[in-house]
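The values are calculated or read from the model by the stated rules, or taken from the named source; none is laboratory data. Just so it is clear, the structure is predicted and the values come from calculations on it, not from any experiment. Every residue, glycine among them, receives a Cβ derived from its backbone with ideal geometry; neighbour counts consider all protein chains shown.
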Amino acid sequence: MNQDYNIKQRCPAGSFAHTIRYGDTLYLLANRYNTTVEAIMAINPGIDPHRLRIGQVICIPSAMPPTRPPCSNGFYYTIKAGDTFYKLGQQFGVSVDAIMRANPGVDPNRLQIGQVICIPTHTTPTPPCHNGFHYQVRAGDTFYILSQRYNVSVDAIMRANPGVDPNRLQIGQIICIPVH
């Protein structure tokens, strides 16, 4: 215990000791502790990032906790392996479009394990769909494909969905399919 105390004392103010475990890399540690590889290397002169040893003690610069955008009308969720906006939308019953609106600046194609995002729970109400039915967009859907599948014109689908850009359909987006 006295040895651990001495180790912690060797790290300069504004940093803390970390014992290397199996799988640790400076990149992984930088992401975990909200710092950079460069900052870790600067506070540990002589460290070889390619030869970290299990049990080796290094100093990690303390960082301010990441500022999260407000998540009003929702909750924070930590990304796990295999998560996608589509999968999360299915899991929590919310559209991909709503998740994207709640997380501006988050690239849905570059989600990282441990990244914190907002899952909205109170989304804008689904627009009315008189003389038709609501449809949740799936991968590969286009207004043309939907018009063929449901025997309705592309023009009718466009009229039933004012404000929806047919060239920017999002998986999970709710649209109206009119019926005759």
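Annotations
- Qualifying residue in the stretch 126-139 (condition: assigned to a helix (DSSP H, G or I) and in contact with a strand residue (DSSP E or B) (Cβ under 8 Å, 6 or more places away or on another chain)): no
- Here His50 clears all of (1) part of a helix (DSSP H, G or I); (2) at pLDDT 80 or above except the condition numbered (1).
- Some residue of the stretch 141-163 being at positive phi, at pLDDT 90 or above and assigned to a loop (DSSP other than H, G, I, E, B): yes
- Test: residue in the stretch 113-120 that is in the same structural domain as Asp83 (by TED's automatic domain parsing) and at positive phi: yes
- Summed over the stretch 144-180, the residues that are more than 25 Å from the chain's Cα centre (by Cα), closer than 30 Å to Asn109 by Cβ and of a type in the set (S, T, N, Q) give a count of 3.
- From the options Val37, Val116, Val96, residue that is over 20 Å from Gly172 (Cα atoms), surrounded by 11 or more Cβ atoms within 10 Å (Cβ to Cβ) and at pLDDT 85 or above: Val37
- Verdict on Val152 being surrounded by 18 or more Cβ atoms within 10 Å (Cβ to Cβ), closer than 26 Å to Ser72 by Cα and either out of contact with any Phe, Trp or Tyr (no Cβ under 8 Å at 6 or more places or on another chain) or of a type in the set (Ser, Thr, Tyr) (or both): no
- Flag if Ile177 is in contact with a strand residue (DSSP E or B) (Cβ under 9 Å, 6 or more places away or on another chain) and in a strand (DSSP E or B): yes
- Condition broken by Ala13, with the remaining ones in (1) assigned to a loop (DSSP other than H, G, I, E, B); (2) closer than 27 Å to Asn103 by Cβ; (3) at pLDDT below 85 satisfied: (2)
Condition check ((1) farther than 30 Å from His18 by Cα; (2) out of contact with any strand residue (DSSP E or B) (no Cβ under 7 Å at 6 or more places or on another chain); (3) at pLDDT 85 or above; (4) assigned to a loop (DSSP other than H, G, I, E, B)) across all residues:
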| position | (1), (2), (3), (4) |
| --- | --- |
| Asp83 | no, yes, yes, yes |
| Gly105 | yes, yes, no, yes |
| Pro108 | yes, yes, yes, yes |
| Thr123 | yes, yes, no, yes |
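- The one condition in (1) among the acidic types (Asp, Glu); (2) touching a Ser or Thr at 6+ places or on another chain (Cβ under 9 Å); (3) under 30 Å from Leu29 (Cα atoms) that Asp155 fails to fulfil: (3)
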